[in-house]
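Worksheet: the structure to be examined is printed underneath.
The values are calculated or read from the model by the stated rules, or taken from the named source; none is laboratory data. The structure displayed is predicted, hence computed values, not measured ones. As a convention, Cβ positions derive from the backbone with ideal geometry for all residues, glycine included, and neighbour counts pool all protein chains shown. Just so you know, the surface numbers come from the protein's heavy atoms only, side chains and all, with ligands and any DNA or RNA stripped out. Shrake-Rupley method; radii C 1.70, N 1.55, O 1.52, S 1.80 Å.
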Amino acid sequence: MTEYIDSYYSRTRRPSSLRPSLTGVVDVDVAIVGGGLAGLTAAIELVRAGRSVAILEAQRIGWGASGRNGGFVGPGYATSLSHIALMAGREAAHELYRLSIEGVRIVEDNLSALGSTDNVATYGTMSVMRHAAAPALKARQEQMARDFGYALEFRDREQVRGVLRSTKYHEALFDPQAFHFHPLDYALSLASGCEALGAQIFEGSPVIGANLDGATKVLQTSGGRIEARDVVFATGGYTGDVSPRLRRAMLPIATYVLLTEPAPERIANVIGVPYAISDNRRAGDYYRIVDGGRRLLWGGRITTRTSEPARLAEMLRATMVSTYPSLAGIGVDAAWSGLMAYARHLMPMIGQTTPHVWHCFGFGGHGLNTTAVGGRVVAEGILGASDRYKLFAPFGLNWAGGPVGAAVAQMTYWTYQAMDFAKEFRAARAG
């Protein structure tokens, strides 16, 4: 078992003792593989309904992407509404988008129900453009209000640059209902909430074998086994080979985050709002002020390499300084990477692999709302309360392409990156 990586979140997380590894035989209604946000959300929904649940986590609760991300909670998926409509049809796409909005409220409700007073949500996110695009943003604003009753606010270039003092930025959409918070603390709160209702959680317990054919499903670890009627695989970018079909259906994609040293005055001089900020590029920057305004948490870039670059801190700092040149010279206190699970269709993979064997993963870097959705609809399916999980049927466990798929994904990213640079260059020349 590996301890938490060095990150802002692990340094500031709520106290949480190491949980035991599985020993002996445990018999429950539902066994969940993966102690990230998808598995934890499914678990808390199930135990609230009176089911007995056990979670097997190979490392620590929230150890993977669930505890390493930017901490942004807002609606949507890793791909656009128009792309979802092409794959699933317009009506289903709208239902799926409504689910993504529900996912934000699930997180919000859990924060309240779990009494997470030490993990206060900061409301407001801004999606900024790095080239002029006012008509497109206003059309998006109108569509969200018309189709979903969801209010976004348009900001023109003067308004944007008045609070984000960068010549890179043009217009923006502001979402007052989205928020940012401490994702690792949220995962740990969910885990404690599950245990308070009777769930069993085992850390350091990777699954090394499974028999999923009979009426009773069996998961084997080095120290014991779990027997259950239903099994949920919620393993994300660290999915192993116990379920080869799931492993082949996703690509592990790395993203990167840094934490600056304390520099409250210099940060406040260029970032005048407490909101979570992201830009419109394919794999753009995302950042927010943390530590009571003293530090900046900055993320960006994606690669198909699963090892952490040796010059990670310098790479990310250069990106930050290219946006805000006056931040040059601010040191980096920590830098880390994490693996996200992407499918070729860029949508979550949620459903039944075989009867009573469920999968819930592949959130593609937009997981804080969609893990909540996935956990809830899988729990509803197990409980027989709804079949909303079938909305994700068009986004199946298609082979992601292995090494060739990873190479194609990297080339696609570089192509989009070049297109983004071209748009920015034209925008800079136009003033």
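Using R0 = 45 Å, the C-beta based FRET efficiency linking residue 49 and residue 154 works out to 0.60. Per residue, region 203-331 exposes an accessible area of 41 Å² to a 1.4 Å probe, with every protein chain left in place.
Subtracting the Cα-Cα distance of residue 263 and residue 220 from their residue separation scaled by 0.36 nm leaves 10.6 nm.
For the pair residue 294 and residue 118 in one chain, pulling the backbone fully straight at 0.36 nm per residue adds 61.6 nm over the alpha carbon distance. Full extension of the segment from residue 105 to residue 86, taken as 0.36 nm per residue of separation minus the current Cα-Cα distance, would add 4.2 nm. Overall, the accessible surface of the chain at a probe of 1.4 angstrom is composed of carbon and sulfur to the extent of 52 percent. The heavy atoms of residue 350 present about 10 square angstrom of accessible area, all protein chains included, probe 1.4 Å. Sorting 147, 156, 230, 118 by accessible area puts them as 118, 156, 147, 230; the probe is 1.4 Å, largest comes first, and only protein heavy atoms count. Run the simple label-point estimate for residue 12 and residue 390 please: 7 Å along Cα→C-beta, distance reported in nm. Result: 4.5 nm between the two label points. The residues of region 38-122 have, on average, 35 Å² of accessible surface per residue, using a 1.4 Å probe with all protein chains present. Between the Cα long axis of helix 37-48 and the first principal axis of the chain there is an angle of about 50°, rounded to the nearest 10.
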